[in-house]
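Peer 1: Please read through the structure below; I'll follow up with questions.
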Amino acid sequence: MNNQLIKWSHKEFDELPWRKKRSLYGTLVSEIMLQQTTVATVLKHYDRFLKVFPNLESLARVSEEEVCAQWQGLGYYRRARNLRKAAVYIVEELAGEFPLTLEELKKIPGVGDYTASALLAMGMNKKALAIDANIERIMARLFLIEEEKGPKLQKFLQANYEDLAIPFKKFSPREINESLMDLGRVYCQAKRADCPLCPLRKECKAAESSVSPLDYPRQKQAKKKESHDLELLRVIVTHGHKVLAYEKNDKEWLSGQLEVPTLILRTTDKKLAQYPLFEGPKDRVERRVITSLKTAITKYKIKNQIVMLTKAEFEDLVDLKNLNKNYKYYALNDETNHFSTTTHKCLAKLNIKVTS
Ligand code: SF4
């Protein structure tokens, strides 16, 4: 069946100009053009570009602007600049000869792991796997590899290349790489897998099993954000144009700001220590709720239940000695009193104006 993959790849794609007339320079140009660009687009430009710059020397001796002008229609001009830099480096530092090892190839400006492996495998027909998103995807599906997409999977593929390549061992590195790339473009796409038509369907573990090929390669799970509901009692006690409040300390949210007495009525976060728990009779205090207000801070979705009490009622409902809060009256028209935004909003709900 692998024969069918290779045969299909030869039949359909041997006419690609960079495969029809092979050279390391042609492989370098085509691989750089094909990054983030479809084969169809590259086909419109490759032959023309090679006519203008038929070899490394012709590319190395012109300016960046001239190369970019010939790159028009391909976009991502950084690739054009890198390609020229690579040509200059090979011509000037290596006497125009491509190096023959992965490590030396990676020293060429703009040539990373992928392009160096592509030059080895497809340009030189040496044992290497040019791991791009296509090959990651196909290998993960073929062998149901559970490693997460990205560096982990790439490392796994490099480390296990020999074993993974066993089903392909009678084929050349060039054939393996090119046919898998073709498969990734045509049948085994990121969001579509045409398994019934795929030449590898009989060897493919994803196609054979009950899993969906589209679930491979495994994606990193986005960490679910922790969130909590919090119901707070906001107690408004006024005295003339003053309101009972306390200054928040350094360990509290919004430290230094003034807040009206606030107690926890309910929360899904048992560890929350920002406010004291209301330990009095809930039904009694809830009967006094005038209005409520929704707010949020960090991971908490807060429902603020606003009550208006006299000082005596407040002291009757709450054991102030246990709260360890320094409640005092603060003038609402003193601009040195910095009430918190929620305090402003709670007061506004009761039509109490803060004029500071
Ligand atoms: S059989 Fe399906 S999942 Fe497997 S390589 Fe082919 S298209 Fe991809």
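Peer 1: Length gain on complete extension for the stretch Lys11 to Arg287, per 0.36 nm per residue less the alpha carbon to alpha carbon distance?
Peer 2: 91.3 nm
Peer 1: For the chain, with a Gaussian network of springs between Cα atoms less than 10 Å apart, report the residue from Ala296, Ala60, Ala207 with the top mean-square fluctuation.
Peer 2: The residue with the greatest mean-square fluctuation here is Ala296.
Peer 1: Lysines within cross-link reach of Lys21: Cα-Cα under 17 Å, excluding same-chain residues under 8 positions apart?
Peer 2: The reachable lysines, counting only those whose Cα sits under 17 Å from Lys21, are Lys11, Lys44, Lys51.
Peer 1: Among DSSP beta bridges lying fully in the chain, give the percent that are antiparallel, nearest 5.
Peer 2: Once the DSSP bridges in the chain are tallied, antiparallel ones form about 65 percent.
Peer 1: Classify the chain from the C-alpha gyration tensor, please: rounded if a/c falls under 1.5, else prolate or oblate depending on whether a/b exceeds b/c.
Peer 2: Note, shape of the chain comes out prolate.
Peer 1: Using Cβ counts within 10 Å as a stand-in for footprinting exposure, how do Ile302, Ile145 rank, fewest first?
Peer 2: Least crowded to most crowded, the residues run Ile302, Ile145.
Peer 1: For the stretch 277-300, list residues with backbone N below 14 Å from a point placed 7 Å from the Cα of Asp316 toward its Cβ?
Peer 2: Only 281, 284-288 pass the distance filter.
Peer 1: How big is the antiparallel share of DSSP beta bridges in the stretch 228-349, given as a percent to the nearest 5?
Peer 2: Antiparallel bridges: around 65 percent, rounded to the nearest 5.
Peer 1: Let me know the shape class of the stretch 231-356, please: from the alpha-carbon gyration tensor, a ≥ b ≥ c as square roots of the eigenvalues, rounded when a/c is under 1.5, otherwise prolate if a/b is greater than b/c, or oblate.
Peer 2: rounded
Peer 1: In the chain, which longest range has no chymotrypsin sites (Phe, Trp or Tyr not before Pro) that are both DSSP loop (not H, G, I, E or B) and surrounded by at most 14 other Cβ atoms within 10 Å?
Peer 2: 78-252
Peer 1: Next question, about the same structure. Would you mind computing, in nm to one decimal, how far apart the modelled labels at Ile297 and Glu252 are, each placed 7 Å from Cα along Cα→Cβ?
Peer 2: In this crude spin-label approximation the distance works out to 0.8 nm.
Peer 1: Counting helices only, and only those DSSP H runs with n ≥ 4, report the 222 nm mean residue ellipticity of the chain as the sum of -39,500 (n - 2.57) divided by its residues, in deg cm²/dmol to the nearest 500.
Peer 2: It comes out at -11000 deg cm²/dmol, rounded to the nearest 500.
Peer 1: In nm, to one decimal, how far is the modelled label at Asp229 from the one at His338, with both set 7 Å along Cα→Cβ?
Peer 2: Distance between label points: 3.4 nm.
Peer 1: Considering only the other residues whose Cβ falls under 13 Å of the Cβ of Ile290, what net charge follows from Lys and Arg at +1 and Asp and Glu at -1?
Peer 2: Here the charged neighbours net out to +3.
Peer 1: Using a Cα-Cα cut-off of under 12 Å, which aspartates and glutamates could be cross-linked to Lys85, ignoring same-chain neighbours fewer than 8 residues away?
Peer 2: Glu57, Glu64, Glu93
Peer 1: Any idea how far the Cα center of the stretch 37-104 sits from the one of the stretch 282-356, in Å?
Peer 2: 69 Å
Peer 1: Across the stretch 131-219, how many lysine pairs, 8 or more apart or on two chains, come within less than 20 Å at their alpha-carbon atoms?
Peer 2: Number of lysine pairs found: 6.
Peer 1: At 0.36 nm per residue, and after removing the present C-alpha to C-alpha distance, how many nm does the segment from Leu94 to Lys169 gain when stretched out fully?
Peer 2: That works out to 23.7 nm of additional length.
Peer 1: Give me Val186, Val42 sorted ascending by neighbouring Cβ count inside 10 Å, so fewest comes first.
Peer 2: Going from least to most buried by this count: Val186, Val42.
Peer 1: In which sequence would Leu153, Leu320 go, from the one with the fewest C-beta neighbours within 10 Å to the one with the most?
Peer 2: Ascending number of Cβ neighbours within 10 Å: Leu320, Leu153.
Peer 1: Among the GluC sites (Glu not before Pro) within the stretch 79-121, which fall in a DSSP loop and have no more than 14 other Cβ atoms within 10 Å of their own Cβ?
Peer 2: Glu97
The numbers here are math on the coordinates, done by the rules we state, and not lab data. Fair warning: this is a prediction, and the values are worked out from it, not measured in the lab. Note that each Cβ is placed from the backbone with ideal geometry, even for glycine, and that neighbours are counted across all protein chains shown.
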